[in-house]
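Structure first, commentary second.
The values are calculated or read from the model by the stated rules, or taken from the named source; none is laboratory data. Keep in mind that what you see is a predicted model, and the values were worked out from it rather than measured. A quick note on method: Cβ atoms are made from the backbone with ideal geometry, for glycine too, and the neighbour counts reach across all protein chains shown.
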Amino acid sequence: MALFIAFEGLDGAGTTTQARLLADRLEERGLTVHLTKEPSEGPVGSLISLVLKRRLVSPRVGRPLDPFPSELLALLFAADRIDHMQAEILPNLQTGTVVITDRYLLSSLAYQSLGCDLAWLREINREAITPDLTVLLDVPAPVCMRRIEKERWQTELFEGVEKLSVVRKNYLRLASSRIGEEMSVCVLDGEREIEVIQSEIWNLLAARSWIPEGEAPSRSGEGQIELGLPRRSADPELPFEESS
């Protein structure tokens, strides 16, 4: 059963943990699963990781570019996504594998729209295939920052309460727009216990009959925002906020 599932959310929202738990659980049920992430581990993705960690040094100035050009970073993410699709996502889907990615296109639209036009971002990512399900873990920026600071000593390019607060608003705008509907975005409360969130995610798959027979969904339903139905806004193309 070929499925493409994307996990999205702020840094520190728990996407990596939930993607891994879902992959393990599906494998236990006999499904073949490929777990991946963006930035990918390909050549462009590795370059992006250096940029985010402020470790990519410009030979001309002898230090990392600060600020790094927003348009250039957006183009790098788009290029990495094409490479990621061709090298990992599509080959696995073609063999009937469930592909789970920790971050995908929604992240680019939410994060890169801090400094780039949304329409342009959609255009440079027009070749990206659409996930069957996008799980957006919604966690307030201060909570994410506390988690980040607890787990590691260094913050990355977009990590800071101010920027993350704006990105969170962008994520929720996307989820409530036509873009969110196209990507089958489901917003879940990511502040709850890990096991409760995983149960909610399992319910999402069960509601779509993606769970192997004999696996009944759990009854835990608290904290979920409109199960299976992205919230809609009156104006799906609301302008996005930029960080100050």
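Yes/no matrix, rows are residues, columns are (1) assigned to a helix (DSSP H, G or I); (2) modelled with pLDDT of 95 or more; (3) in contact with a strand residue (DSSP E or B) (Cβ under 8 Å, 6 or more places away or on another chain):
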| residue | (1), (2), (3) |
| --- | --- |
| Ile48 | yes, no, no |
| Leu76 | yes, yes, no |
| Ala79 | yes, yes, no |
| Pro91 | yes, yes, no |
| Ile100 | no, yes, yes |
| Ser107 | yes, yes, yes |
| Trp120 | yes, yes, no |
| Leu137 | no, yes, yes |
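Looking only at the range 32-48, filter to residues that are hydroxyl-bearing (Ser, Thr, Tyr) and crowded, with 16+ Cβ neighbours inside 10 Å; which one of those is nearest to Gln18 (Cα to Cα)?
Restricting to residues being hydroxyl-bearing (Ser, Thr, Tyr) and crowded, with 16+ Cβ neighbours inside 10 Å, the top hit is Thr36.
Of all residues in the range 1-17, count the ones that are out of contact with any Gly (no Cβ under 9 Å at 6 or more places or on another chain) and either part of a helix (DSSP H, G or I) or within 10 Å of Thr134 (Cβ to Cβ) (or both).
Summing the residues that are out of contact with any Gly (no Cβ under 9 Å at 6 or more places or on another chain) and either part of a helix (DSSP H, G or I) or within 10 Å of Thr134 (Cβ to Cβ) (or both) in the range 1-17 gives 6.
Can you say whether Glu181 is buried (at least 21 other Cβ atoms within 10 Å of the Cβ), modelled with pLDDT of 95 or more and acidic (Asp, Glu), as far as the supplied structure shows?
no
Would you be able to tell me the number of residues in the range 189-203 that are over 19 Å from Ile100 (Cβ atoms) and in a helix (DSSP H, G or I)?
Here the count works out to 1.
For the range 18-46: of the residues being among the charged types (D, E, K, R) and outside any loop (DSSP other than H, G, I, E, B), which is nearest to the chain's Cα centre (by Cα)?
Once the filter is applied, the top-ranked residue is Lys37.
Return a yes/no flag: does the range 152-169 have any residue that is within 28 Å of Glu27 (Cβ to Cβ) and modelled with pLDDT under 95.
Looking through the range 152-169, at least one residue is within 28 Å of Glu27 (Cβ to Cβ) and modelled with pLDDT under 95.
Can you name every residue in the range 85-137 that is of a type in the set (Asp, Glu), buried (at least 17 other Cβ atoms within 10 Å of the Cβ) and over 20 Å from Pro43 (Cβ atoms)?
Selection gives Asp132 alone.
Tally the residues that are free of Cβ contacts under 8 Å to residues at least 12 places away in the same chain and aliphatic (A, V, I, L, M), restricting the search to the range 95-152.
Qualifying residue count, the range 95-152: 1.
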